[in-house]
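As structure tokens, the structure follows; a few thoughts come after it.
The values are calculated or read from the model by the stated rules, or taken from the named source; none is laboratory data. The structure displayed is predicted, hence computed values, not measured ones. Methodologically, a virtual Cβ is constructed for each residue, glycine included, from the backbone with ideal geometry; neighbour enumeration extends over all protein chains shown. These accessible areas exclude ligands, DNA and RNA; they are computed on the full protein's heavy atoms, side chains included. Shrake-Rupley method; radii C 1.70, N 1.55, O 1.52, S 1.80 Å.
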Amino acid sequence: MRSRDSVAPAVADGRDGAAGGRDGAAAEGRTDSAAGRTVGGRARPGTAAPRAGRGQAEAVLARPRRGSAPLHPGAWWLWSLGLGTAATRTTNPLLLALLIAAAGYVVATHRSPSPWSRSYTAFVKLAAAVLLIRLAFTVALGSPVPGTHVLLTLPEIPLPHWAQGIRLGGRVTAEALLFAGYNGLKLATLLICVGAANALASPARLLKSLPGALYEAGVAVVVALTFAPHLISDVQRLRAARRLRGRPDRGVRGLLQVGLPVLEGALERSVALAAAMDARGYGRTAEVPARVRRTTTALTLGGLLGVCAGTYGLLTAEGGAYGVPVLCAGAAAALAGLRLGGRRSPRTRYRPDPWGVRAWLVAGSGAGVAALLTLAAAHDPDALHPGVVPLVAPSLPLWPAAAVLLALLPAFAVPEPVEEPS
């Protein structure tokens with residue numbers, strides 16, 4: 001039996017030989033005057049193998065990769081919310097189409113291959129469904145917009161007197177369809193902007209950035225957001241496996257035979273998630289004084305009421321004087337309450353995402369688009385809200401369109417993402 005002193009050099013030499021094999025010189029019978037001779041491609045006990053392969057491998061691993069520092073997920077959400085706010089300020093289909101194109105281009109260039117990033121397609125389909133449903137309701141239920149260009153006349157169903165103001169069937173005019181299309185496209189653009197945030201911002205990394213008071217609610221939201229993409233991925237994987245085996249994957253029979261494995265996988269994933277959360281101490285709280293708890297409750301509730309009152313003041317003509325101060329005071333009180341509430345759930349952050357210059361550029365581009373479209377809607381409402389009576393073609397205002405192009409800044413300011421675990 002060999003001693004420990006003779007085994008250790010052999011193990012070390014085996015590691016060095018494996019690492020050196022990446023170079024192409026492959027530690028096979030190479031002689032080194034300083035290290036001694038090799039026999040059969042393996043170093044003798046007590047000698048050292050060449051270390052050039054390990055050094056080159058360590059240099060390759062230490063080389064920084066482009067895009068190794070991901071962008072803060074909050075920046076993506078602020079950018080998308082800015083685009084959504086801009087979409088609510090206009091019904092011009094040309095500007096809305098520019099917003100959709102800008103969001104789609106950024107998603108196409110910076111979406112990672114993780115499962116949660118595939119949700120953008122689902123949001124696009126949902127937006128198209130919302131637009132079609134809005135048009136279908138206009139055709140079936142009519143519209144209060146008067147029009148002279150009649151496209152078709154449907155049989156009208158008489159309704160009782162208590163249902164006055166609602167009709168089923170009747171005339172369908174081009175003005176009514178165009179008005180419904182403008183409003184449906186605005187809602188569809190808002191959904192697409194939210195879908196861009198879901199595709200670009202990792203839910204797990206976004207959860208790390210939440211304050212401690214919102215951690216439990218954030219976990220519930222993240223689990224809800226990530227469940228659907230994983231479910232879709234399981235369905236696609238099982239359908240592909242059934243096609244390879246020559247079994248049907250469509251129809252009621254295929255759905256029933258795919259549904260049971262999908263539910264089984266969802267159950268296993270939920271059990272594993274519960275075990276991981278329990279192992280990490282999820283739901284455990286620290287003891288804080290009663291005075292701190294009462295102060296936290298008062299600040300949070302008072303801040304939320306102030307935010308509601310300030311928002312109502314901004315939306316009404318009479319509350320324009322007090323809307324902004326009350327909104328700012330309510331937001332400050334709510335943030336202070338969340339800060340104090342974080343003491344009940346102490347937790348550590350492993351490698352927190354930094355908020356750097358690129359995050360400011362991304363968030364600022366979304367806020368800039370929202371601010372410029374809001375300013376344009378106040379100064380030139382006719383350009384951002386084209387009329388339908390009389391029936392005219394919408395025009396593209398130049399400087400609001402240039403403001404929308406500011407949303408493309410993240411496509412050039414942020415490096416392309418690297419693949420990260422889902």
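Only residues that are farther than 15 Å from A102 by Cβ, in contact (Cβ under 8 Å) with a residue 60 or more places away in the chain and in a helix (DSSP H, G or I): list them for region 369-416, please.
T374, A376, A377, A383, L384
Being outside any loop (DSSP other than H, G, I, E, B), open to solvent by 50 Å² or more (accessible area, probe 1.4 Å) and touching a residue at least 12 places away in the same chain (Cβ under 8 Å) is the filter here; which residues of region 150-172 pass it?
V150, L151, L152, T153, L154, P155, E156, I157, L168, R171
Hey, can you tell me all the residues within region 297-315 that are loosely packed, with under 15 Cβ neighbours inside 10 Å and among the aliphatic types (A, V, I, L, M)?
Matches in region 297-315: A298, L301, L305, L314, L315.
Sort out which residues of region 234-256 are part of a helix (DSSP H, G or I) and at pLDDT 75 or above, and write them in order of number.
D234, V235, Q236, R237, L238, R239, A240, A241, R242, R243, L244 - these are the residues of region 234-256 that are part of a helix (DSSP H, G or I) and at pLDDT 75 or above.
Of the residues R280, R294, which single one is modelled with pLDDT of 80 or more and exposed (fewer than 11 other Cβ atoms within 10 Å of the Cβ)?
Answer to the check: R294.
Looking at region 173-210, which of its residues are touching a residue at least 60 places away in the same chain (Cβ under 8 Å) and not in a helix (DSSP H, G or I)?
Within region 173-210, A201, S202, S209 meet the criteria.
Would a scan of region 26-47 turn up a residue that is modelled with pLDDT under 85, open to solvent by less than 40 Å² (accessible area, probe 1.4 Å) and in a helix (DSSP H, G or I)?
Scanning region 26-47 turns up no residue that is modelled with pLDDT under 85, open to solvent by less than 40 Å² (accessible area, probe 1.4 Å) and in a helix (DSSP H, G or I).
Between residues in region 252-273 that are free of Cβ contacts under 8 Å to residues at least 12 places away in the same chain and residues that are not acidic (D, E), which pairs lie under 9 Å by C-beta distance while being six or more apart or on different chains?
Hits for this filter: G259/V235; S270/V223; S270/F227.
Name the one entry in A140, A122, A127 that is surrounded by 11 or more Cβ atoms within 10 Å (Cβ to Cβ) and without any contact (Cβ under 8 Å) to a residue 60 or more places away in the chain.
Matching residue, one of A140, A122, A127: A140.
For Y322, state whether it is under 30 Å from T374 (Cα atoms), open to solvent by 40 Å² or more (accessible area, probe 1.4 Å) and modelled with pLDDT under 80.
yes
How many residues does region 101-119 hold that are buried (at least 21 other Cβ atoms within 10 Å of the Cβ) and over 13 Å from the mean Cα position of the chain (by Cα)?
Qualifying residue count, region 101-119: 1.
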